[in-house]
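Inspection log for the structure reproduced underneath, given as C-alpha cells.
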Amino acid sequence: MSPSTTTDVAVIGGSTAGLRAAEAVARHAPELSVTVISDESHLPYELPPLSKIPLHDRVDIDTLVYPLARDLRDKGVDFRLGTRARSLDTGSNTVHLSSGGALTYRALVIATGCEAVVPPPFADQRGVHVLRRFEDATALRAAVTDPKAAVAVVGAGFIGGEFASTLAKAGRTVSLIDLAAKPLGRFGEPVADAYTALHRGAAVGLHLGSAVTDVVERDGRRSLLLTDGTWVPADVIVVGVGVRPAIDWLNGSGLTFDNGILADATLRVSRNVFAAGDAVRWPNARFGAPMRIEHWTSAAEQGRAAGINAAKLIHGDTGDGFANVPYFWSDQHGVRIQFAGCLTGDEEIEESSTGDGTLFLYHRGGVVNGVLAFDRRADFVKLRALLRRELTRRAADEFLR
C-alpha cells in the first residue's frame with residue numbers, strides 16, 4: 001500500500017480545468033504546494049485538436065501536451081499520473097487513491113470532467129469508438145486507415161460533426177446519424193437547417209430523425225439498421241451522443257448533485273472543496289441562471305477561478321464569485337461555427353447573411369441573450385465582447401445588415 005501524503009491544494013483531474021487551477025495556485029500563492037491527480041498517463045494536453053487533425057497528419061502527444069504543464073512540473077507542481085481518485089472523505093480532508101494510498105489536503109479542486117455515454121446497442125460491439133482522450137483518437141484513426149472502410153458517426157452534435165468533416169475531407173465514406181430530425185435543434189430551426197446543408201454539401205450521408213435498432217454483420221461487412229428501415233454501412237462506428245459528469249467516485253462524499261456537482265457562486269461545493277469544468281453546476285450571475293457548461297473556454301476560466309479561491313481560502317480570505325459568457329467554437333468543412341451566450345429556448349431569432357457568412361442573433365424582451373455564427377468572425381468577436389454586459393437588441397442592430 002502506498003503511503004499517505006499531504007499537500008496544500010489537491011487538484012483531482014488532469015483536465016484543462018485542473019491544469020488552470022494548478023497554474024492559478026502556483027502563480028498567486030507560490031508558497032503553497034500543489035498536487036494534481038490524473039488517471040491519464042500523459043501530462044494535461046489539448047483535447048479540441050483530437051477531432052480536427054487531418055487523417056494524413058500524425059497525432060503526437062508531445063505536440064498536444066500543454067507547455068504550461070511541463071513548466072508547472074519543473075516549478076514543483078506534483079503531477080501524479082496514472083492514478084485515479086477512488087473516494088473523497090470531506091470530514092478528514094482526504095482523497096483515497098487507486099494506488100492504495102491517500103492524499104490529505106487543505107483545499108481541494110475537483111476537475112474530473114465528463115465521460116462518454118455509449119448506448120446499449122453499441123456497448124459490446126467491436127470497432128466502436130468514442131473520442132474523449134488521446135488513446136481514443138489514435139485507435140479511431142488506426143481504424144479508418146483503410147480508405148474503403150465505411151464510417152458511421154452516431155450523434156450529429158459538434159464532436160460528431162467535426163470528425164465527420166475530418167473524414168469527408170480525407171475522402172472517406174461517412175454517414176452522420178441522429179435521432180433528432182433537426183440537429184443542433186436547441187439553437188433553432190434556421191441553425192439546424194444551415195448545419196444540415198453544410199454537411200450535405202460536403203457529401204456526408206445524413207440520416208436524421210432515426211435511431212439505430214440493430215447492428216448486423218453480413219459477408220464480413222457491418223451495417224446499422226435504423227428505425228426507418230434504412231441500412232447504413234458501418235465498418236467503423238463512432239459514438240458521440242453525449243457525456244455525463246464523471247462523479248461516481250464522489251458517492252458517499254456528502255456533496256450535492258443535480259446534473260453535476262452543485263456549487264455556489266465561488267465554485268465552492270463544500271467547506272474547503274471547489275469544482276471546475278464540465279462536471280460543475282453553479283449560478284452564473286451574468287445570466288441569473290444555474291448552468292453546467294461542457295466547453296473548453298469555460299473549463300479553463302473556471303479552473304483559474306477555483307484555484308484562486310482555493311488559495312484564498314487557505315489564507316483566510318473570501319473567494320470571488322465566478323460569472324462568464326459561455327462560448328464554444330467548432331471547425332467543420334472549412335467553416336468556423338461559434339456561439340456565445342445563454343439560451344432559454346424562447347428567444348426570437350434573427351438571421352443575417354453576408355459574403356463573410358451567416359449570423360444568428362437571439363433576443364427576448366429587447367435583450368440579446370446569444371449569438372451564433374457560421375464564419376462572420378470579425379462581427380462575432382465584437383458581439384461576444386458586447387455580451388459581457390447586458391446587450392440591447394437596438395445596440396446590436398448594426399450587425400444585422
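The values are calculated or read from the model by the stated rules, or taken from the named source; none is laboratory data. In this text the structure is predicted, and so the values were computed from the model without any measurement. Here the Cβ positions follow ideal geometry from the backbone for every residue, glycine too, while neighbour counts run over all protein chains shown.
Things to note:
- Only one of Ile159, Ile177 that is touching a residue at least 24 places away in the same chain (Cβ under 8 Å), under 30 Å from Glu23 (Cα atoms) and either part of a helix (DSSP H, G or I) or not hydroxyl-bearing (Ser, Thr, Tyr) (or both): Ile159
- Only one of the numbered conditions (1) more than 17 Å from Asp74 (Cα to Cα); (2) in a strand (DSSP E or B) is not met by Ser41, and that is (2).
- The lone criterion from (1) within 30 Å of Ala170 (Cα to Cα); (2) more than 25 Å from the chain's Cα centre (by Cα); (3) among the charged types (D, E, K, R) left unmet by Glu398 is number (1).
- Flag for Arg106 being within 25 Å of Tyr45 (Cα to Cα), basic (Lys, Arg) and surrounded by fewer than 19 Cβ atoms within 10 Å (Cβ to Cβ): no
- Residue that is part of a loop (DSSP other than H, G, I, E, B), surrounded by fewer than 19 Cβ atoms within 10 Å (Cβ to Cβ) and either among the acidic types (Asp, Glu) or at pLDDT 95 or above (or both), where the choices are Asp214, Asp146, Asp193: Asp146
Matching residues to (1) at positive phi; (2) in contact with a Pro (Cβ under 9 Å, 6 or more places away or on another chain); (3) at pLDDT 95 or above; (4) surrounded by 14 or more Cβ atoms within 10 Å (Cβ to Cβ):
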{"position": "Asn324", "(1), (2), (3), (4)": "no, no, yes, yes"}
{"position": "Tyr327", "(1), (2), (3), (4)": "no, no, yes, yes"}
{"position": "Ile349", "(1), (2), (3), (4)": "no, yes, yes, yes"}
{"position": "Leu359", "(1), (2), (3), (4)": "no, no, yes, yes"}
{"position": "Phe380", "(1), (2), (3), (4)": "no, no, yes, yes"}
{"position": "Leu386", "(1), (2), (3), (4)": "no, no, yes, yes"}
{"position": "Arg401", "(1), (2), (3), (4)": "no, no, no, no"}
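- Filter result (of a type in the set (Val, Ile, Thr), more than 14 Å from Val36 (Cα to Cα) and surrounded by 14 or more Cβ atoms within 10 Å (Cβ to Cβ)) within segment 61-93: Ile61, Val65, Thr90
- Cβ pairs under 7 Å, 6+ apart, first in segment 252-264 and at positive phi and touching a residue at least 12 places away in the same chain (Cβ under 8 Å), second of a type in the set (Lys, Arg) and not in a strand (DSSP E or B): Asn259/Arg292; Gly260/Arg292
- Just so you know, in segment 1-28 the residues that are surrounded by fewer than 20 Cβ atoms within 10 Å (Cβ to Cβ) and touching a residue at least 12 places away in the same chain (Cβ under 8 Å) include one that is farthest from Asp71 (Cα to Cα), and it is Met1.
- Residue within segment 123-138 that is surrounded by 13 or more Cβ atoms within 10 Å (Cβ to Cβ), under 30 Å from Thr173 (Cβ atoms), among the hydrophobic types (A, V, I, L, M, F, W, C) and over 17 Å from the mean Cα position of the chain (by Cα) present: yes
- Boolean, Leu198 is part of a loop (DSSP other than H, G, I, E, B), modelled with pLDDT of 95 or more and at negative phi: no
- Taking segment 54-136 as the region of interest, the strands (runs of 3 or more DSSP E) fully inside it that hold 2 or more residues being within 24 Å of Thr6 (Cα to Cα) are 78-80, 85-89, 94-97, 102-110.
- Any pair with Cβ under 7 angstrom, 6 or more apart, that starts in segment 94-116 at a residue that is free of Cβ contacts under 8 Å to residues at least 60 places away in the same chain and ends at one that is surrounded by 19 or more Cβ atoms within 10 Å (Cβ to Cβ): His96/Ala102; Ser98/Thr83
- Test result for Phe322, touching a residue at least 60 places away in the same chain (Cβ under 8 Å) and under 28 Å from Arg393 (Cβ atoms): no
- Pick from segment 282-305, criterion assigned to a strand (DSSP E or B) and in contact with a Pro (Cβ under 6 Å, 6 or more places away or on another chain), ranking: surrounded by the fewest Cβ atoms within 10 Å (Cβ to Cβ): Pro290
- Top-ranked residue of segment 222-232 - restricted to ones that are in contact (Cβ under 8 Å) with a residue 24 or more places away in the chain and under 15 Å from Gln125 (Cβ atoms), ranked as surrounded by the most Cβ atoms within 10 Å (Cβ to Cβ): Leu224
- So Leu19, is it part of a loop (DSSP other than H, G, I, E, B), at pLDDT 95 or above and within 18 Å of Ile110 (Cα to Cα): no
- Residue check, Arg141 crowded, with 16+ Cβ neighbours inside 10 Å and at pLDDT below 90: yes
- Given (1) more than 25 Å from Trp296 (Cβ to Cβ); (2) surrounded by 19 or more Cβ atoms within 10 Å (Cβ to Cβ); (3) not polar (S, T, N, Q), index of the condition Val153 fails: (1)
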